[in-house]
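Below is one structure; the comments refer to it alone.
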Amino acid sequence: MEVSYFPGCTLKQTARNFEISAISSCKLLGLDLTELSRWNCCGTVYSLSTDDSMHHLAPIRNLIRVQEDGFKEVVTLCSMCYNTLKQANELMKKEPDRLKKMNDFMYREEDYIPDVEVYHLVTYIKERLGYEKVRELVKQPLTGLKVAVYYGCLLLRPDSIKLDDRENPMIMEDLLTALGAEIIDYPFSNECCGSYHTLGQKEIVLNRTNKLITEARRDGADVLVLSCPECDFNLDHRQKDTLEKYPNFQTMPVLYFTQLLNIALGGNLEDCGFELNYIDPLPVLREKGIIK
Amino acid sequence: MSAELKQSGDKPNLPPDTKMIEVFIMGKRYKVPATLTIQKAIEWAGFQFLRGCGCRGGICGACPTIYRTKDDYKLKIGLACQTVVEDGMYLVQLPFVPAQKSEYHIEDERPTIAAIEKHYPETFRCVQCNTCTKACPMDIEVMQYIAEIIKGDYKKAAELSSSCIMCGMCAARCPAELQQFNVAMFVRRMYGRHVLPKAEHLQKRVKEINENKYIPFLDELGEISHDELVERYKSREWQPEPYEDPNWQPKETKYL
């Protein structure tokens, strides 16, 4: 099944492991992720100013591209892209006057008719395939792997775009359970990773990373699983600085959910792009007998 | 506009049925023949170009002109040498746009996102409003090549921007204050130097030129008569279009 796919800029750069593992695992699920023939930055952050239409142009222009390619649905992976595209789309559905103003401004494009639906891959798999189907396709169950699922904020807030219950989300846990993983109870799954403070005030992020990883370890997790390149940078790559600041800190592999999906479905190890993970997840996966 | 009103007593010599229209050059009304380009209309009105005019052939990028036409709110931009005047047109030329040009050594840089962050960090301020594309007199998809740069796709960005004439209208109109034409030049240089394969035949030819292979041929041309030169020019060989045969060679191969 051909599925229109919006990658986002980060997945073409630092989070290439997210993209290649998603494309590979989706193929094994029978989903052919088809990159939009033209696209631009999603807009990165959804603008909350009520009189600001300029910053909604980027996401809506991408939804026009979905239309142009003849699709009614678009799947995305990065939490930020998902949040921005989906929120801007909801705004257009809710405010026809604003949509008209934006269509007028973008007179070189075809008008956007706000009936494109934005999906995160996790929701798409749940609604279109269902976990039973996923379970049938598993070739290498993740038996014995203890997983803490981390959502961060962008998949759950605000209410209008949330993937699942804001305080007790289970959608990623359910997918990973279908893959055979053991889900640990992790009460920090919707806490903040420190986000862009990673640039200006790194200390804040190191504090968060120390807290979030240490708690996951205390709860018994082997790995942390997430869906956001920004969270991934803070929680994986910043473990280096965290270790310097907190000498007792114990590192933990952090993976994109698609990397585990790809392994469980019997995909190639090269398509996981593990060389881009800062903390190498291979030792723990070997130890559990999940990979050779 | 760097031009002066030239007071001359010359009388226009026009056919009697010439259609004249009104244009407003920097706010002042002039009557000009309807068939002129903006560039010729400005000269017709009595201005002499000191700047804002270069090749007169749509390539050099010196004569971008901002104009509005009657009953249309849209701000339009065109090259003065390529755009025909319209009745009721208001126009002004903008021969130069201030922009920063990063200095670097081409061998020290690589076609990466980090290089863009270093030399043209404002590129990431783009909000994808597409005003740049609307402004481009060369119909380049400016916003799209900026989007490709932000993704790190130097190839697409270089290809999309290749017909840029560096007039700077994109940068003049950009609400996020990008310097599109300069970052695109940076991208094309990186792409040409570090990504595209080297043209081996070109290196071979440069070597031959440096070894004076062509001096005797030029000397020979310098000594023949005018008539023979004309004759040779007329009978020179062309590769038949559309250049489909890669193995085509002229009958005379000593110059190859």
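Read-outs throughout are calculated quantities, based only on the coordinates presented, and are distinct from any laboratory measurement. Please read all numbers here as calculations on a predicted model, not as lab measurements. Quick reminder, even Gly has a Cβ in these numbers, built from the backbone with ideal geometry, and neighbours come from all protein chains shown.
For chain B, the relative contact order works out to 14 percent when only alpha carbon pairs closer than 8 Å and six or more residues apart are counted. Taking the Cα centre of region B:167-232 as origin and assigning +1 to Lys and Arg Cβ atoms and -1 to Asp and Glu Cβ atoms, the resulting dipole is close to 820 debye. In this structure, the pairs whose alpha-carbon distance is over 32 Å, taken from A:Lys72/B:Lys101; A:Lys126/A:Lys146; B:Lys198/B:Lys254, are A:Lys72/B:Lys101. When each of A:Lys101, A:Lys146 is scored by the number of other beta-carbon atoms lying within 10 Å, the sequence from fewest to most is A:Lys101, A:Lys146.
For chain A, the longest principal axis of the C-alpha atoms and the axis of helix A:202-218 are separated by about 50°. Entry note, chain B: the mean residue ellipticity at 222 nm calculated from DSSP H runs of n ≥ 4, each adding -39500 (n - 2.57), is -8500 deg cm²/dmol after division by the residues and rounding to the nearest 500. Across region A:100-168, the volume of the C-alpha convex hull divided among the residues equals 169 Å³ per residue. Helices in chain A, meaning DSSP H runs of at least 4 residues, each add -39500 (n - 2.57). Divided by all residues, the mean residue ellipticity at 222 nm is -11500 deg cm²/dmol. Counting other Cβ atoms within 10 Å as a rough exposure proxy, the listed residues B:Trp238, A:Trp39, B:Trp248 run B:Trp238, B:Trp248, A:Trp39 from fewest neighbours to most.
Taking the centroid of alpha carbons for each part, region B:121-197 and region A:231-246 are 35 Å apart. For chain B, the convex hull drawn through the C-alpha positions has a volume of 227 cubic angstrom per residue. Amide H contacts for A:Leu255 (H built 1.01 Å from N in the peptide plane; partners 5 or more residues away or on another chain; cut-off under 5 Å): A:Leu224, A:Val225, A:Leu226. Mean-square fluctuation check for chain B, GNM, Cα pairs under 10 Å: which of B:Leu229, B:Leu75, B:Leu160 is largest? In this elastic network of chain B, the residue with the biggest mean-square fluctuation among B:Leu229, B:Leu75, B:Leu160 is B:Leu229.
Each listed q (0.09, 0.14 Å⁻¹) maps to a log10 I(q)/I(0) for region A:139-287 from the Debye sum over equal C-alpha point scatterers, namely -0.26, -0.64. Binning the C-alpha pair distances of the protein assembly as shown at 10 Å intervals from 0 yields a P(r) profile of 3, 14, 20, 20, 17, 11, 8, 5, 2, 0 %, listed from the shortest bin outward. Of all DSSP-defined beta bridges confined to the protein assembly as shown, some 45% are antiparallel rather than parallel.
Placing +1 on the Cβ of every Lys and Arg and -1 on the Cβ of every Asp and Glu, with nothing else charged, gives the protein assembly as shown a dipole about its Cα centre of roughly 1000 debye. Just so you know, the averaged projected area of the alpha carbon convex hull for region B:51-127 sits at 7.8 nm².
Among the trypsin sites (Lys or Arg not before Pro) in region A:1-91, those located in a DSSP loop and surrounded by at most 16 other Cβ atoms within 10 Å of their own Cβ are A:Arg38, A:Lys72. Using the alpha-carbon positions of region A:1-139, Rg (one decimal) and Dmax (whole number) come out as 15.6, 51 Å.
Ranked by the mean number of other Cβ atoms within 10 Å per residue, highest first, peptides A:53-60, B:97-104, B:152-159 order as A:53-60, B:152-159, B:97-104.
Given contacts defined as C-alpha pairs under 8 Å and at least six residues apart, what's the relative contact order of chain A, whole-number percent? The value is 21 percent.
Between A:Ser21, A:Ser79, A:Ser49, the GNM of chain A built on Cα springs shorter than 10 angstrom shows A:Ser49 fluctuating the most. Dividing the Cα radius of gyration of chain A by its Kirkwood radius returns 0.97 for Rg/Rh. Compared with the dominant Cα axis of chain A, that is its longest principal axis, helix A:16-29 is turned about 90°. Can you pull out the GluC sites (Glu not before Pro) in region B:181-256 whose DSSP state is coil and whose Cβ has at most 15 other Cβ atoms within 10 Å? Of the GluC sites (Glu not before Pro), the ones in loops of region B:181-256 whose Cβ has at most 15 other Cβ atoms within 10 Å are B:Glu211, B:Glu237, B:Glu244, B:Glu252.
Of all lysines in the structure, the ones whose alpha carbon falls short of 26 Å from that of B:Lys40, not counting any fewer than 8 places away in one chain, are B:Lys6, B:Lys11, B:Lys19, B:Lys28, B:Lys31, B:Lys70, B:Lys74, B:Lys76, B:Lys134. Axis angle, to the nearest 10 degrees, between helix A:96-105 and the longest C-alpha principal axis of chain A: 80 degrees.
Once the mean of 1/r is taken over each pair of separate Cα atoms and inverted, region A:206-292 shows a Kirkwood hydrodynamic radius of 13.3 Å.
A simple count of charges around B:Cys174, restricted to other residues whose Cβ falls under 12 Å of its Cβ and scoring Lys, Arg +1 and Asp, Glu -1, yields +1. Per residue of A:44-55, other chain Cβ atoms within 10 Å of the residue Cβ number 1 on average.
Were the residues from A:Arg135 through A:Lys93 laid out at 0.36 nm apart, the gain over their Cα-Cα distance would be 11.6 nm.
Arranged from fewest to most other beta-carbon atoms within 10 Å of their beta carbon, A:Met252, B:Met169 become A:Met252, B:Met169.
Need one number: the % of Cα-Cα pairs in region B:3-93 sitting beyond the 16 Å mark. Of all Cα-Cα distances in region B:3-93, 52 percent exceed 16 Å. Farthest toward the positive end of the dipole of region A:139-287, out of A:Leu261, A:Ala181, A:Leu282, is the Cα of A:Leu282, where the dipole comes from beta carbon charges about the Cα centre. Counting Cβ atoms of other protein chains within 10 Å of each residue's Cβ and taking the mean over peptide B:120-132 gives 4.
Using a Gaussian network model of chain A in which every pair of alpha carbons under 10 angstrom is joined by a spring, one finds that among A:Asp236, A:Asp280, A:Asp51 the greatest mean-square fluctuation is at A:Asp51.
Multiplying each eigenvalue of the alpha-carbon gyration tensor of region B:103-196 by 5 and taking the square root yields semi-axes of 20, 14, 11 Å, largest first, rounded to whole angstroms. Which of A:Gly43, A:Pro169, A:Thr242 sits closest to the plus end of the dipole of chain A, meaning its Cα is farthest towards the positive end, when Lys and Arg get +1 and Asp and Glu get -1 on the C-beta? Looking along the dipole axis, the top candidate is A:Thr242.
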